[in-house]
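Notes follow the structure.
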Amino acid sequence: MPHMTTAEAVLETLLAHGLSTLYALPGIHNDALFDAIARSEGRMRLLHTRHEQTAAYMALGAALATGRPQAFATVPGPGLLNASAALLTAYGLGAPVLALVGQIPAEALDRGWGHLHELPDQLGLMRHLTKFAARIPSPAAAPGLVARALAEAQSFRSRPVALECPVDVWGRAGMATPAAPLAPVRPEPDPEAVEAAARLLGAAERPLILAGGGALEAAPELRALAEMLQAPVVTYRRGRGLLPTTHPLAASMPVGNALWARADAVLGVGTRMHFAQSLWGTDPELKIVRLDIDAEEITRFRRPDVALEADAAPGLRALLAALPAHNRRRVPREDVAAAQAAFADRLSRQEPQMSYLRALRAALPEDGIVVEDVTQVGFVGRLAFPVSAPRRYLSPGYQDNLGWAYGAALGVQAALPGRAVVALCGDGGFLYQAQELASAMRHDLPVVAVVFEDGAFGNVRRIQEEHYGNRLIGCDLANPDFVAFAHSFGANAFRVADPAGLQRALAEALAARAPALIAVKVGEMPSPWDMLTPRRVRGQEGWRSVQP
């Protein structure tokens, strides 16, 4: 067994698992880890940020864009708390992110002595934000814990994990052997469940498929099954691009809401089906098949008619093999065409958001990646931005945390340096991480931030106008000159006032392959919330089948 420090043991195990970038902010509790990186002869790339939230968001963005585990490091206490929103978002999005968090000296743990950055029960807190969390006690234990954490992050439902290490343990030397990767645990599809699902779906007249982030590695299988069933595939946020949005069976959430009313069988693939089951309504006539790697998720709202616990790709392949023996003949459905036409008509009135999205699509390469923040154009984008493949439109999911996008986009760019990456921001959200223009310049990350300026937290303002008698408080903003602000970091910057100007500026910014900001002056935009607010279309209010 080699003789090495705990930090070296962690570093070598990360490298053995294919992790070659660490997003981090330096601090005394992790000095030995940074020193190990400095002595790694360039094998581990360190991307340091100006705030811990951005280190964590960069790891999250990289994980979402690649589907592979990513790691970040922070000091304990304030450092972890600054990163906690990104960890919570990673949990909601099912992203395999590893947090490496410093800790006070081992002898002082749980004594309340008031050490620098001491956080009571930090490990307990991390367990609330992650799937697995543990403390590294020694060099010998470090490799196994890193290997286990990364395996947990990818087993069953992917989610973030965390390891903490006391400051005096990082630099402690001892015998340790870097651990090889452990195989993630993923259940195989049960043949009886597959056969039951094939019979149910094959007999349906109006089948519907809902697909989410758990299906991102199964796009070819999902498309083949949809075409075999002639079933529309409804996606929202993480599932965008599982079917190219130009495919006749690709359906956005409002289309799915309309079709739900008459569907006789639904297949949910890697999706929580939250809106559908809790808000759109269910009844005993609607037959539901759930294909999900998370057994707990399968029965969260109601017991499905068929539960198929498996990873999406092998589960769909099993269904594709079993379905032909049971599948009825179907013709193109008029209800699908009518729902698509109604949605297109509604979108045609959503201006200027749709024109800005068309400009963005025209300037962005086909494989370019958009990271959507919580903003007026983003609300429409999650329904209507054309996407041709998975992982090309990234959304914060149900956390919907304002200000995540720019840091996440920097992580996407770091992980996929050859791709065009755009952060779609409002003026409120961008200033959460605007200082990270410094990190973009320092690490040569050519993300383009498109910042829509309406001088307000726009959605908050609209709610106050419409529901609180136009009593406005805490929603109006004092903004910097965003162009001058970006120039002060040495970044390229543009000011535009219409969709045509955005298209020209974005094309120029992307061609330069340098960090850039485009400030887009806009007024108050029309509400998209009639499309985003799900409505009940079947069943009785409050109806639930027998819970497990």
Checklist entry - With every protein chain left in place, what is the accessible area per residue of region 366-514 in square angstrom, probe 1.4 Å? => result 36
Checklist entry - If you keep only loop residues by DSSP, which GluC sites (Glu not before Pro) in region 275-341 have at most 13 other Cβ atoms within 10 Å of their Cβ? => result GLU285
Checklist entry - Viscosity 1.567 mPa s, temperature 4 °C: Stokes-Einstein D of region 241-301 from its Kirkwood Cα radius, in µm² per second? => result 103
Item to check | Neighbour cut-off at most 13 other Cβ (10 Å), DSSP loop, trypsin sites (Lys or Arg not before Pro), region 349-427 | outcome: ARG349
Item to check | Value of Rg to Rh for region 317-387 (Rh from inverse mean 1/r over Cα pairs, i.e. Kirkwood) | outcome: 1.16
Checklist entry - For region 408-548, what is the percent of antiparallel DSSP beta bridges, rounded to the nearest 5? => result 5
Item to check | Kirkwood estimate for region 1-41, i.e. one over the average of 1/r between Cα atoms, Å | outcome: 10.8
Next on the checklist: I want the local charge near ALA38. Using Cβ-Cβ distances under 14 Å, sum +1 for each Lys or Arg and -1 for each Asp or Glu among the other residues.
Outcome noted: -1
Checklist entry - If you build the Cα gyration tensor of region 323-444 and take the root of 5 times each eigenvalue, what three semi-axes come out, in whole angstrom, biggest first? => result 33, 19, 13
Checklist outcome for this item: Computed D for the chain, Stokes-Einstein, Kirkwood radius over alpha-carbon pairs, 37 °C, 0.692 mPa s, to the nearest µm² per second, is 133
Next on the checklist: Output needed: percent of Cα pairs per 10 Å distance bin for region 374-433, bins running from 0 to the one holding the longest distance.
Outcome noted: 21, 55, 24, 0
Checklist entry - Taking θ as phi - 60°, what are the ³J(HN,Hα) couplings along region 507-520 by the Karplus curve (6.51, -1.76, 1.60), each to the nearest whole Hz, with x for Gly and Pro? => result 4, 5, 5, 5, 5, 6, 6, 9, x, 8, 9, 10, 8, 10
Checklist entry - What Kirkwood hydrodynamic radius do you get for region 118-168 when you take the inverse of the mean 1/r over all pairs of distinct Cα atoms, in Å? => result 11.4
Checklist outcome for this item: To the nearest Å², the heavy-atom accessible area per residue of region 8-66 with 1.4 Å probe amounts to 34
Next on the checklist: For region 162-216, which GluC sites (Glu not before Pro) pass both filters: DSSP loop (anything but H, G, I, E, B) and at most 12 other C-beta atoms within 10 Å?
Outcome noted: GLU205
Next on the checklist: Quick check: from the Cα gyration tensor, does region 208-247 come out rounded (a/c under 1.5), prolate or oblate?
Outcome noted: prolate
Checklist entry - In the neighborhood of ARG382, defined by Cβ-to-Cβ distances under 12 Å, what is the net charge if each Lys or Arg adds +1 and each Asp or Glu adds -1? => result 0
Checklist entry - Per the Cauchy relation, a quarter of the hull surface: what is the mean projected area of the convex hull of the alpha carbons in region 215-320, in nm²? => result 6.0
Checklist entry - Per the Kirkwood definition applied to all pairs of different Cα atoms, how many angstroms is the hydrodynamic radius of region 399-548? => result 17.4
Checklist outcome for this item: Counting every C-alpha pair in region 251-377, the percent lying more than 18 Å apart is 68
Checklist entry - Where the centre of each part is set by its Cα atoms, how far does region 436-451 sit from region 1-16, in angstrom? => result 32
Checklist entry - How big is D for region 23-110, in µm² s⁻¹ as a whole number, if Stokes-Einstein is applied with the Kirkwood radius of its Cα pairs at 4 °C and 1.567 mPa s? => result 97
Checklist entry - Taking θ as phi - 60°, what are the ³J(HN,Hα) couplings along region 380-391 by the Karplus curve (6.51, -1.76, 1.60), each to the nearest whole Hz, with x for Gly and Pro? => result 6, x, 5, 9, 10, 5, x, 9, 9, 7, x, 6
Checklist entry - If Lys and Arg each add +1 and Asp and Glu each add -1, what is the summed charge of the other residues whose beta carbon sits under 15 Å from the beta carbon of GLY426? => result -4
Item to check | Principal axis box of region 71-135, alpha-carbon based, largest edge first, Å | outcome: 37, 18, 15
Next on the checklist: Helix-only mean residue ellipticity at 222 nm, the chain, DSSP H runs n ≥ 4 weighted -39,500 (n - 2.57), per residue, nearest 500. What is it?
Outcome noted: -11500 deg cm²/dmol
Checklist entry - Carbon and sulfur together cover what percent of the accessible area of region 8-165 at a 1.4 Å probe radius? => result 51
Item to check | Tail beyond 12 Å, pair distance distribution of region 311-355 (Cα, percent) | outcome: 74
Checklist entry - Just how many % of Cα pairs in region 418-503 lie over 16 Å apart, if you round to the nearest whole percent? => result 59
Next on the checklist: For a test of the definition: using alpha carbon positions, the gyration tensor, and the 1.5 limit on a/c, classify region 95-226 as rounded, prolate or oblate.
Outcome noted: prolate
Checklist entry - For region 28-168, which semi-axes, largest first and in whole Å, follow from the square roots of 5 times the eigenvalues of its Cα gyration tensor? => result 22, 17, 15
Checklist entry - In the chain, what percentage of the DSSP-assigned beta bridges are antiparallel, given to the nearest 5? => result 5
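The values are calculated or read from the model by the stated rules, or taken from the named source; none is laboratory data. From a predicted model like this one, the values you see are computed outputs, not experimental measurements. Please note: Cβ atoms are built from the backbone with ideal geometry, for glycine as well, and neighbour counts cover all protein chains shown. For the accessible areas, the whole protein counts, side chains as well, though only heavy atoms, and no ligand, DNA or RNA atoms are used. Shrake-Rupley method; radii C 1.70, N 1.55, O 1.52, S 1.80 Å.
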